[in-house]
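My questions all concern the structure below.
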Amino acid sequence: MTDDSNDFVGESTPDDDFAAPGRSVFGDDDMSFDNDDDAIPHWSEPATGAVPQIGANTGTAESITFDPSPEPSLAEADVDELAAWAGASTNPVWAEASSPGVQEPTQIGQAETADDFFSFDDQQRPSRRASAAMGESEAAPEESVGDRFGVTTGNSGDRDMPMAITVGVGLAALVLAAMAVGPVAALVVVTIALGLAAVEYYNAVRVAGYQPAVLLGLTATIAMPLAVYWRGEAAITMVLVLAFIFGALWYLLGVAHDGAMRGLGSTMLGIMHIGVLGSFAALLLATDETHGTGLLTVAIIITVAYDVGGLAIGKTIGRRALSPASPNKTIEGLIGGFVVAFGAAIIMGVLGKPAPLASSDLGGGMTSMIILGVFAAAAAPVGDLVESLIKRDLGIKDMGSILPGHGGLLDRFDGLLFVLPVTWYVSQYVLFT
């Protein structure tokens, strides 16, 4: 069988069997490498820079060669310039916090500068949950006492004191005006304040990554003082039981996606801290239709006296840190606040006002004010530190910003929340036993 299947029709193919090596298969004998100026080197030999001649049979073409230019070189650097760059490092260097023009990242609620950071209450620290999410270790490195507590003395910080005083006077005027109208008006103000404080708390908790039952928490907190004013101390237990039952159903039905331990725990903490402790204001108002506002007034005066005395003395002569929960507070400030608060109770006992605790005619008097002064002045800093501990764990500086110069309502009334139950139980012991 012949291989005719590859032949072109009407044409004959060249006989490749007789094609000599180096000969063009297309019949072009003009291109040859016989007379090249340089033979093509072996692949293992260095290049010669020469190329084969084109049209070698003409005898006139000359060899084409490449003459590469020498490798470019840099101009020699000046000796002075080299000396100027001798100390420079090629490694990346983190800018120091104090370097001019360097702005450090801030967190939600964190002050823009170090002075603003320590201006009022707590040192800002990321929450453990946020640190774990960023892959950081929860165990903080060992620090010295001064570094950890961040105590600054003899400095009032960047707190806007005129604004803070103005807001404080305005709040006092509002509360006094409401109590002058009557217990019901005072109850309305108390309920609104507790509701706003609960909003601040649950907002801060959500920002920190928790998923509380916000609607349930707000409802229970607002209902607590109203129920207590209406039905007395037994209403606290009733509201707490209902809140826990509905809170458990909240997570059983999958309304919230967070775990029950974290979600329900943070919900009940807000109800207990704000709703239950704040409802003692309603108990004080409901004690007596005529003198109920006087009991609440005593609690407010002692708390304000502690805050003012502690702030003034702590910023003036404070040297020793009180607790890591609140780095700016000092032992000197604690002692000063206690003395001022106790002194305010003594002054009310001397004046015999407000009734009934300070009035000897109604079962009170100097003895009752001394007892109340000691326990209330001790309870105020505990409430302050507990609220600071919560903020520190959440990684925030203030619970809110509704009160210029103070922060949030919860920041301002944290000590009062603990003084209210103390005032209630002392009044029950002194007046009704």
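The values are calculated or read from the model by the stated rules, or taken from the named source; none is laboratory data. Note that the structure is predicted; figures quoted are calculated from it, not measured. Quick reminder, even Gly has a Cβ in these numbers, built from the backbone with ideal geometry, and neighbours come from all protein chains shown.
How many of the residues in the range 344-384 are out of contact with any helix residue (DSSP H, G or I) (no Cβ under 9 Å at 6 or more places or on another chain) and under 30 Å from A325 (Cβ atoms)?
The number of residues fulfilling the criteria is 0.
Any residue in the range 163-190 that is of a type in the set (S, T, N, Q) sitting within a Cβ distance under 9 Å of a residue that is surrounded by 17 or more Cβ atoms within 10 Å (Cβ to Cβ)? List the pairs, counting only those 6 or more apart or interchain.
Cβ pairs passing all conditions: T166/G405.
Here is a follow-up. Which is surrounded by 17 or more Cβ atoms within 10 Å (Cβ to Cβ), in a helix (DSSP H, G or I) and modelled with pLDDT under 80, of A164, A193?
A164
Also, quick follow-up: Which residue out of P212, P225 is buried (at least 22 other Cβ atoms within 10 Å of the Cβ) and outside any helix (DSSP H, G or I)?
P212
Residue check, A243 against (1) assigned to a helix (DSSP H, G or I); (2) without any contact (Cβ under 8 Å) to a residue 12 or more places away in the chain; (3) of a type outside the set (K, R), all met but one. Which one?
That leaves (2) as the condition not met.
So which helices (runs of 4 or more DSSP H) are wholly in the range 339-433 and hold at least 2 residues that are of a type in the set (A, V, I, L, M) and surrounded by fewer than 23 Cβ atoms within 10 Å (Cβ to Cβ)?
So the answer is 366-394, 414-431.
Among the residues of the range 168-181, how many are modelled with pLDDT of 80 or more and surrounded by 15 or more Cβ atoms within 10 Å (Cβ to Cβ)?
Residues flagged as modelled with pLDDT of 80 or more and surrounded by 15 or more Cβ atoms within 10 Å (Cβ to Cβ) within the range 168-181 amount to 4.
Could you list, in sequence order, all residues of the range 378-409 that are of a type in the set (A, V, I, L, M, F, W, C) and under 15 Å from the mean Cα position of the chain (by Cα)? Break it down into steps so the answer makes sense when it comes.
From the range 378-409, those of a type in the set (A, V, I, L, M, F, W, C) are 378-380, 382, 385-386, 389-390, 394, 396, 399, 402-403, 409; that's our starting set.
Those that are of a type in the set (A, V, I, L, M, F, W, C) and under 15 Å from the mean Cα position of the chain (by Cα): L389, I390, L394, I396, M399.
What are the pairs with Cβ atoms under 6 angstrom where one residue, in the range 361-373, is at pLDDT 90 or above and the other, located anywhere, is part of a loop (DSSP other than H, G, I, E, B)? Sequence gap at least six, or different chains.
Qualifying pairs under 6 Å: S368/L357; M369/A358.
Identify the single condition in (1) of a type outside the set (A, V, I, L, M, F, W, C); (2) more than 33 Å from the chain's Cα centre (by Cα); (3) within 14 Å of L269 (Cα to Cα) that E233 does not satisfy, given that it satisfies every other one.
(3)
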